[in-house]
Amino acid sequence: MLEKATRKDPVLIQTTAGLFLGLVCFHHGFESLNFVLEKREFFDFEWPALVTVDAGGLRPVLLGLEHIVVQRRNVIWYSTSIPETLLEQYKLRLPRPPEGPDSPPSPSRKSSDKRGEKPDKVVIFPGGKAHGS
């Protein structure tokens with residue numbers, strides 16, 4: 001699937017294991033969210049969170065899994081209308097890409113390469129030494 005053509009929409013899903021919140025991934029050029037949830041046997045679910053209830057209301061607890069595949073037959077109920085407070089809490093808990101020297105180069109930096117060649121990339125593992133040190 002092309003990354004540019006992939007949409008990720010938040011969905012609240014009830015299964016026999018509990019109530020989950022996550023991002024359903026689909027190719028918006030060929031599928032709609034409703035089609036994926038109703039017709040496909042399997043669909044991708046990113047950053048699933050278990051929704052718990054306490055005195056403060058509904059709260060998402062990330063499961064620590066980046067990606068799971070959900071079977072449609074295991075889904076009892078789903079909703080695309082998620083309470084705004086629950087959605088905001090979920091977005092705050094989602095992992096963010098690291099900032100700093102190890103973050104991926106910005107698009108403007110890539111466009112400065114006039115030859116169109118990919119620059120060499122050296123990955124130094126923790127505890128290892130850089131080449132030539």
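The values are calculated or read from the model by the stated rules, or taken from the named source; none is laboratory data. Given the structure is predicted, the values throughout are model-derived calculations rather than measurements. Quick reminder, even Gly has a Cβ in these numbers, built from the backbone with ideal geometry, and neighbours come from all protein chains shown. Ligands, DNA and RNA are excluded from the accessible area calculation, which covers all protein heavy atoms including side chains. Shrake-Rupley method; radii C 1.70, N 1.55, O 1.52, S 1.80 Å.
Numerical summary
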| read-out | value |
| --- | --- |
| Residues located in segment 20-34, provided they are surrounded by fewer than 15 Cβ atoms within 10 Å (Cβ to Cβ) and within 27 Å of residue 58 (Cβ to Cβ) | 32, 34 |
| Considering residues of segment 49-64 that are outside any strand (DSSP E or B) and farther than 13 Å from residue 94 by Cβ only, the residue least open to solvent (accessible area, probe 1.4 Å) | 56 |
| Test: residue in segment 34-41 that is within 25 Å of residue 96 (Cβ to Cβ) and either under 11 Å from the mean Cα position of the chain (by Cα) or in a loop (DSSP other than H, G, I, E, B) (or both) | no |
| Members of segment 15-33 found to be among the aliphatic types (A, V, I, L, M) and part of a strand (DSSP E or B), listed by number | 19, 21, 23, 24 |
